[in-house]
Amino acid sequence: MSLKCGVVGLPNVGKSTIFKAITGAGAEIANYPFCTIDPNQGQVIVPDERLDILTEIFKPKKTIPTTVEFSDIAGLVKGASQGEGLGNQFLGHIKEVDAVCHIVRCFEDDNIVHVNGSVDPLRDIEVINMELIFKDMETIGKRYSKYEKLIHQDEEAKTHFPVYKKVKEALDQGVPVRKLDLDDNEKALIKDLALLTQKPVLYVANVSENLLPHGGEKAKKVMEYAQQEKSAVIVISGKFECELTDLPEEERSAYLESVGLKIPGRYLLIKEVYSLLGLITFLTAGEKEVRAWTVRKGTKAPQAAGVIHTDFERGFIAAEVVKYKDLADCKSYAEAKNRGLLRLEGKTYELEDGDVCVFRFNV
């Protein structure tokens with residue numbers, strides 16, 4: 001499943017540092033704006049301790065995790081929607097992603113220049129949000145004007161215009177589209193516009209190592225802002241995460257404990273992005289392989305089977321489903337069946353995160 005999260009923010013907020021930490025990719029990191037022009041891409045393994053337990057039980061020949069894709073988009077600046085700092089090119093890159101990971105600088109460092117001269121997370125968030133709003137106003141403005149003229153003579157204009165009007169009025173007031181209470185039909189009518197402020201957002205407060213795990217006053221402001229917007233937020237230290245990945249495996253636990261963390265911040269970020277994209281994981285487990293598979297929330301059993309192989313969907317008969325926790329407790333499919341925990345599900349069953357499945361099919 002090729003859903004992608006774009007990593008955005010002002011220049012010098014730690015975007016490329018965090019991208020490097022989560023992907024292991026060598027994004028260029030420099031103390032000047034626009035060192036990243038073409039977006040760096042990275043396939044990232046989604047951490048899943050369930051795979052480790054199932055691997056212990058089934059002792060397969062191989063274990064395969066699922067992944068999510070990140071795109072490191074160059075720093076936006078004020079005026080980007082008017083082309084400032086290659087802005088239109090960068091905004092175009094955001095149009096191509098499905099969700100946004102917004103890195104907000106919450107650390108002080110005299111050696112890293114802030115593009116606006118001082119560290120102010122709420123101001124920085126507003127700069128990015130307003131540039132995205134300006135771009136969306138431009139995008140919807142053209143279509144709005146066209147349909148406004150045609151509303152009395154064109155059926156498509158009659159259905160689309162009221163939604164465009166609602167969206168345009170919100171944008172004119174500085175309100176991102178994701179804050180609007182749009183129903184599924186309204187969302188479908190504006191889908192082709194690929195509006196930037198409609199994309200779900202995860203705010204990432206990038207703090208100094210000494211402020212972990214809670215983040216300090218600046219991170220608190222980001223949390224309050226995100227809460228008002230009903231967006232997710234996490235605290236991370238990009239510098240710490242990079243140092244952590246450079247350490248030998250056996251030294252990482254002690255280093256995490258030294259700052260009050262149990263798991264790396266990047267694990268939390270990856271999982272939050274996975275959820276933000278509306279994704280869940282189902283599992284398959286046997287002696288041949290233990291594997292995690294990615295589907296959208298609400299995917300029905302035949303379509304999930306089709307992710308493994310198109311023949312599975314085409315000839316779908318049923319799915320044998322057991323919850324991960326039940327299988328981990330029972331230690332085998334046979335015992336799960338004995339306890340009545342293995343269910344047979346049909347074509348209308350919607351998969352849930354952590355379902356372990358065996359698909360029956362006939363082609």
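The values are calculated or read from the model by the stated rules, or taken from the named source; none is laboratory data. Owing to the predicted nature of the structure, the values given are computational and were not obtained by experimental measurement. As a convention, Cβ positions derive from the backbone with ideal geometry for all residues, glycine included, and neighbour counts pool all protein chains shown. Only protein heavy atoms, including side chains, enter the accessible area calculation; ligands, DNA and RNA are left aside. Shrake-Rupley method; radii C 1.70, N 1.55, O 1.52, S 1.80 Å.
Observations on the model:
- Antiparallel DSSP beta bridges within the chain, as percent of all bridges there, nearest 5: 50 percent
- Restricting segment 136-167 to trypsin sites (Lys or Arg not before Pro) that sit in a DSSP loop and have at most 13 other Cβ atoms within 10 Å of their own Cβ leaves nothing.
- Global form of segment 198-301, assessed from the alpha-carbon gyration tensor, a/c cut-off 1.5: oblate
- Backbone phi angles across segment 196-201, fed through the Karplus curve with coefficients 6.51, -1.76 and 1.60 (θ = phi - 60°), yield HN-Hα couplings of 5, 7, 8, 5, x, 10 Hz in residue order; Gly and Pro are listed as x.
- Applying the criteria of a DSSP loop state and at most 14 other Cβ atoms within 10 Å to the trypsin sites (Lys or Arg not before Pro) of segment 300-343 yields Lys331, Arg339.
- Of all lysines in the structure, those lying under 20 Å Cα to Cα from Lys158, and not within fewer than 8 positions of it along the same chain, are Lys142, Lys146, Lys149, Lys166, Lys168, Lys187, Lys191.
- Heavy-atom accessible area per residue - the chain, 1.4 Å, Å²: 49 Å²
- With a cut-off of 10 Å between beta carbons, the residues surrounding Val290 carry a summed charge of +2, where Lys and Arg count +1 and Asp and Glu -1.
- Cross-link table Lys135/Lys271; Lys20/Lys325; Lys4/Lys288; Lys271/Lys325; Lys220/Lys297, entries beyond 23 Å C-alpha to C-alpha: Lys135/Lys271; Lys20/Lys325; Lys4/Lys288; Lys220/Lys297
- Around the Cα centre of segment 162-202, unit charges on the Cβ atoms of Lys, Arg, Asp and Glu (plus for the first two, minus for the last two) sum to a dipole of about 140 debye.
- Based on C-alpha pairs under 8 angstrom that are at least 6 apart in sequence, the chain has a relative contact order of 18 percent.
- A straight line joining the Cα centroids of segment 165-179 and segment 41-62 runs 42 Å.
- Over the chain, equivalent-ellipsoid semi-axes from the Cα gyration tensor in Å: 38, 31, 16
- Accessible-area composition of the chain, carbon plus sulfur, in percent [1.4 Å probe]: 49 percent
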